[in-house]
Amino acid sequence: YTESHEWVRIDGDTATIGVTDYAQNALGDVVYVEVPEANTEVEAEDVVGIVESVKSTSDIYSPLSGTIIEGNANVVANTKLVNKSPEADGWLFKIKFSDKEQLDALLDATKYKQLIEDGH
């Protein structure tokens, strides 16, 4: 997890990233999603997309440096996936990451839960 409310699932040197259930709940009904294009080089903490809801617009940050492999076209076409399945079908993008040390900056589930309990 990240402090900006993205979840990260690691599989080898690839990470799948989306917004957390907490984030989608805070956003409300998602009405627009912009995901990054494949083959885009990004640095950790770069803005790579947007999730817009009836309440607000939020930037999506890449927690890792690397190359975008895929943006989830399904969430662009069906934005409700972000609300219905934020940590499964509602994933936003996949990245082949280039710096394994950046994984150390991610939060585990316990630390993320503490973060949201602290009101961040």
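The values are calculated or read from the model by the stated rules, or taken from the named source; none is laboratory data. Source: prediction; values computed, not measured. All Cβ positions, glycine included, derive from the backbone under ideal geometry; neighbour counts span all protein chains shown. Ligands, DNA and RNA are excluded from the accessible area calculation, which covers all protein heavy atoms including side chains. Shrake-Rupley method; radii C 1.70, N 1.55, O 1.52, S 1.80 Å.
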> How many Å² of accessible area per residue for the chain, probe 1.4 Å?
Replying inline: 55 Å²
> Which percent of the accessible heavy-atom area of the chain goes to carbon and sulfur, probe 1.4 angstrom?
Replying inline: 44 percent
>> Please enumerate, by chain and number, the aspartates and glutamates with C-alpha under 15 Å from the C-alpha of Lys111, excluding those fewer than 8 residues away in the same chain.
In response: Glu3, Glu6
>> Give me a comma-separated list of calculated 3J(HN,Hα) values for segment 74-84, in order, Karplus coefficients 6.51, -1.76, 1.60 applied at θ = phi - 60°, integers in Hz, x for any Gly or Pro.
In response: 4, 6, 5, 6, 10, 4, 4, 4, 5, 7, 6
>> Contact order normalised by length for the chain, with contacts defined as Cα pairs under 8 Å and 6 or more residues apart; what percent is it?
In response: 30 percent
> If you plug each phi of segment 29-38 into the Karplus form 6.51 cos²θ - 1.76 cosθ + 1.60 with θ = phi - 60°, what whole-Hz ³J(HN,Hα) values come out, in order, with x for Gly and Pro?
Replying inline: 5, 6, 10, 7, 9, 10, 10, x, 8, 4
> What accessible surface, in Å², does a 1.4 Å probe find on Ser98, ignoring ligands, DNA and RNA and rounding to the nearest 10?
Replying inline: 90 Å²
> What does the chain give for Rg and for Dmax, in Å, if only its C-alpha atoms count?
Replying inline: 13.3, 37
> Near Asn72, within a Cβ-to-Cβ distance under 10 Å, what is the net charge of the other residues, with Lys and Arg +1 and Asp and Glu -1?
Replying inline: -1
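With n ≥ 4 as the cut-off for DSSP H runs, can you work out [θ] at 222 nm for the chain, using -39500 (n - 2.57) per run divided by the number of residues, rounded to the nearest 500?
Using -39500 (n - 2.57) per qualifying helix, the result is -5000 deg cm²/dmol.
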> Whats the longest run of the chain with zero GluC sites (Glu not before Pro) that are DSSP loop and have at most 16 other Cβ atoms within 10 Å?
Replying inline: 46-86
> Which ³J(HN,Hα) values, rounded to whole Hz and listed in residue order, are derived for segment 101-117 from phi using the Karplus coefficients 6.51, -1.76 and 1.60 in 6.51 cos²θ - 1.76 cosθ + 1.60 with θ = phi - 60°, glycine and proline given as x?
Replying inline: 5, 5, 4, 5, 7, 6, 9, 7, 4, 5, 5, 5, 4, 5, 4, 6, 5
